[in-house]
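Read the figures in this text as sums done on the coordinates, not as results from a lab. In this text, all values refer to a predicted model and were calculated from it rather than measured experimentally. Here the Cβ positions follow ideal geometry from the backbone for every residue, glycine too, while neighbour counts run over all protein chains shown.
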Amino acid sequence: MRHLFVHSLLVLGTLSVMVPSTLFSQVGISVSPPRVYYTLNPGETGTQKVLVSNVSKEHPLNLSLTLGDWAYDGYGNNLMFPPDSLDNSCASWLSLPGGMYMTLEPGENREIDVTMTVPNMPAPDENVQTAMLFVTQMNPVDGVDAQGAAIRINVRQGIKLYRKGNAPEIKKVEIENLGYDKNTNSLLLLFNNGGNIWLNGRVSASLFNQANGKELNIEAIDFYTMPGDHRSMRIPLRQDLEKGRYTSTVMIDYGDRTTIEAAELQFSYE
């Protein structure tokens, strides 16, 4: 049976949320899978395959393959860094045996090898390392934007590379606080990944009107975190509230078969 850990929390002040940008292009590169995982011990070498596709029917693509680092910010958005910038980087462990450049004809697909060699003595306190593989178009093509203006288009896509060490996995999510922001009609959730492994999960919430017994189920939100991440999440209620006193319950399911993290908040809406 799953254990439910419930925290009674006070209302927080308003938090601002960064909204990730949306990219649009008339030239297509498909890179799959979006994430690649290695489970390698110190001194071991392993290779994973990545499929790169030119989805355009007209334009050949000259592509470069490069490595970098990445991390999540406090709202779950991706931040990019040069290779080996971060303490948990494995960019220097990676190599591309097929070379750093390739050309794909329209509609052509090609598998590439991405090889990781783990040092004999990686940092003992780091169970997870990550990097990013970028596939970048080097020959821009002519196109038009949404307003019909002429533009030059080139495309870059990235996939995340993960390495897990041999330490026993610890999955642990902890809710730090929960509040309600009347200005945006949203619940404000603060939580952290206190384990030693990357985690993805789902946040679900409900709202109960104590006066009339009405219950509002709120659309669930998926999330991804790395060890040590502290996350701020805004949960829109998407419905005007009646005046009264409410009880909100938020639950985080993060793949642990025995545990769900939860918090309960009571607040008045005037």
At the level of C-alpha centres, the distance separating the range 169-190 and the range 82-111, in angstrom, is 36 Å
Residue exposure sequence - Phe191, Phe223, Phe208 - by fewest surrounding Cβ within 10 Å:
Phe208, Phe223, Phe191
Efficiency by 1/(1 + (r/R0)^6): what FRET value for Arg257 and Glu176, r their Cβ-Cβ distance, R0 = 30 Å, to the nearest 0.05?
0.80
Computed label-point distance, nm, for sites Phe134 and Glu111 using a 7 Å Cα→Cβ extension
2.7 nm
Name the aspartates and glutamates eligible as straight-distance cross-link partners of Lys160: C-alpha to C-alpha under 18 Å, and not fewer than 8 places from it in the same chain.
Asp69, Asp73, Asp84, Asp87, Glu111, Asp113, Glu126, Asp222, Asp229
With +1 assigned to the C-beta of every Lys and Arg and -1 to the C-beta of every Asp and Glu, and no other charges, what is the dipole magnitude of the range 29-164 about the Cα centre in debye, to the nearest 20?
220 debye
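Which whole number of Å³ per residue matches the convex hull of the alpha-carbon atoms in the range 29-164?
That works out to 118 Å³ per residue.
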On a full-extension model of 0.36 nm per residue, what is the gain between Leu79 and Ser32, subtracting their alpha-carbon distance, rounded to one decimal in nm?
14.9 nm
Cross-link table Lys49/Lys172; Lys49/Lys164; Lys49/Lys171, entries beyond 20 Å C-alpha to C-alpha
Lys49/Lys172; Lys49/Lys171
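Rounded, prolate or oblate for the range 153-223? Axes are the square roots of the Cα gyration tensor eigenvalues, ordered a ≥ b ≥ c, and the cut-off for rounded is a/c under 1.5.
Details: a/c = 2.96, a/b = 1.62, b/c = 1.83.
Judged from the Cα gyration tensor, the range 153-223 comes out oblate (a/c at least 1.5, b/c at or above a/b).
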Could I have the simple spin-label model distance between Asn120 and Glu264, label points 7 Å from Cα toward Cβ, reported in nm to one decimal?
5.7 nm
For a quick check: sort Arg163, Arg257 by the number of other beta carbons within 10 angstrom, fewest at the front.
Arg257, Arg163
So what are the three principal axis dimensions of the range 28-105 from its Cα atoms, in whole Å, longest to shortest?
42, 35, 19
